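The values are calculated or read from the model by the stated rules, or taken from the named source; none is laboratory data. Not measured: the values here are computed from a predicted model. Glycine also receives a Cβ, built like all others from the backbone with ideal geometry; neighbour counts cover every protein chain displayed.
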Amino acid sequence: MAKISVLVAVYNTAPFLPQCLDSLLSQTLEDMEVICIDDASTDNSLDVLHRYAGRDARVRVIALDENRGQAHARNVGLSCATGDYITFVDSDDWLSSDALEQVCAAFCQEGVDCVLFRVLYVYAGGRQKAYPMPCFETMSGEEAFRKSLTWEIHGCYAVRGPIHKAYPYDDSQRAYSDDNTTRIHYYHSRRVACCDGAYYYRQRPASVTHRASVRRFDFLLANERMRRQLIEIGASDEILCCYETERWLNLVGGYLFYYLHRRELSAADRRKGRKIMRHVWQTVNLKQVQSSLKRKFGYMPLHCSWLLFRLQEELYFLLRGFAGRNKETV
């Protein structure tokens, strides 16, 4: 049994894999396993993985026959992870040499079930920027859950093995739904800590979160799945109200994405995006949304008419200064 298991889901990232794997195999903590899951890559990623596995017995390679997304790939790796603690590193990211040692040391604190890395965004040309997370020693799992809703804390972390095994990755959507798993892990933790071990998070314009794609609306569907999960685990009314308010804010944010980028989407994708947004508009429990927010122009539900709600959003973003950008008949 390893001290910590590192899950690395891989899809067509051959140019970045050596930096990722070298950072893992040069860790000051040697008691670990690196489980690499190739999600049916079409480049030479699998060859790179096999080369590293041949050099270091701590690397295990699993090759999937069908591409099904990062969350599914991580779950395959999770099923055979043996570590006391489990974490992930995206295949184009990397860790500081002491990161895993720092994480494991933080777990020694009383009641700590999750430990966050220190995250540094890395941009083209090598420029780095720290994730703007307030410093803290530990916080309750419920507090971490709340802060994760608005990204006051990030989702690069390690968790005790039994918690992760009980709550594997949510693969209901190919993108964004893994955030749900992070929040469930925080919610079920006694205490959440942070450490100084650095996670270097590469920012690539080609990634799903950095381009105009209909898959951006998956975020709203993942939000809906998160709400169902909270109900299933018996979350309090206070937590549900907090999350429904966040879902409503995300709907307005989703409409802003649509307003700005619709000309970059196909007609079919625009229809799909509108269908998803209308579904969210119809299903958010407005009794659980913050009252003051519902009285604010741009956020008023206007449940008498979807067309009227859309007109409100169009005017709201026009008045906010997006005049002349990607106009389309409502």
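Taking first residues from region 46-72 that are among the acidic types (Asp, Glu) and partners that are assigned to a helix (DSSP H, G or I), the Cβ contacts under 7 Å between residues at least 6 apart in sequence or on separate chains come to 56/25. Applying the set (1) at pLDDT 95 or above; (2) surrounded by 20 or more Cβ atoms within 10 Å (Cβ to Cβ); (3) out of contact with any strand residue (DSSP E or B) (no Cβ under 9 Å at 6 or more places or on another chain) to residue 181 leaves exactly one unmet item: (1). A count restricted to region 117-132 and to residues that are in contact with a His (Cβ under 9 Å, 6 or more places away or on another chain) and either in a loop (DSSP other than H, G, I, E, B) or among the basic types (Lys, Arg) (or both) stands at 1.
Within the set 11, 52, the sole residue that is within 19 Å of the chain's Cα centre (by Cα), of a type outside the set (Lys, Arg) and in the same structural domain as residue 181 (by TED's automatic domain parsing) turns out to be 11.
Conditions tested, residue by residue: (1) farther than 30 Å from residue 23 by Cα; (2) of a type in the set (Gly, Ala, Ser).
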position: 172; (1), (2): yes, yes
position: 181; (1), (2): no, no
position: 184; (1), (2): no, no
position: 203; (1), (2): no, no
position: 231; (1), (2): yes, no
position: 235; (1), (2): yes, yes
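Does any residue of region 191-204 turn out to be farther than 30 Å from residue 127 by Cα and assigned by TED's automatic domain parsing to the domain that holds residue 17? Yes: region 191-204 contains one or more residues that are farther than 30 Å from residue 127 by Cα and assigned by TED's automatic domain parsing to the domain that holds residue 17. How about region 125-175: which of its residues are within 15 Å of residue 191 (Cβ to Cβ), aromatic (Phe, Trp, Tyr) and modelled with pLDDT under 95? Residues satisfying the conditions are 136, 145. Could you count how many residues in region 200-259 are surrounded by fewer than 15 Cβ atoms within 10 Å (Cβ to Cβ), farther than 28 Å from residue 92 by Cα and without any contact (Cβ under 8 Å) to a residue 24 or more places away in the chain? The qualifying residues number 6.
One residue alone among 58, 127 is buried (at least 16 other Cβ atoms within 10 Å of the Cβ) and among the basic types (Lys, Arg), and that residue is 58.
Scoring residue 178 on the criteria (1) in contact with a Gly (Cβ under 7 Å, 6 or more places away or on another chain); (2) assigned by TED's automatic domain parsing to the domain that holds residue 72 leaves a single failure, condition (1). Take residue 40 and decide whether it is in contact (Cβ under 8 Å) with a residue 12 or more places away in the chain, over 20 Å from residue 99 (Cα atoms), assigned by TED's automatic domain parsing to the domain that holds residue 76 and not in a helix (DSSP H, G or I). Answer is yes for this residue. How many residues does region 61-74 contain that are in contact with a helix residue (DSSP H, G or I) (Cβ under 7 Å, 6 or more places away or on another chain) and either surrounded by fewer than 21 Cβ atoms within 10 Å (Cβ to Cβ) or of a type outside the set (A, V, I, L, M) (or both)? Qualifying residue count for the region: 5.
The listed residues are 114, 135, 108, and the only one of them that is over 29 Å from residue 213 (Cβ atoms), without any contact (Cβ under 8 Å) to a residue 24 or more places away in the chain and outside any helix (DSSP H, G or I) turns out to be 108.
Among the residues of region 76-108 satisfying the criterion of being of a type in the set (S, T, N, Q) and either at pLDDT below 95 or touching a strand residue (DSSP E or B) at 6+ places or on another chain (Cβ under 6 Å) (or both), which is nearest to residue 1 (Cα to Cα)? By that ranking, first place goes to 87.
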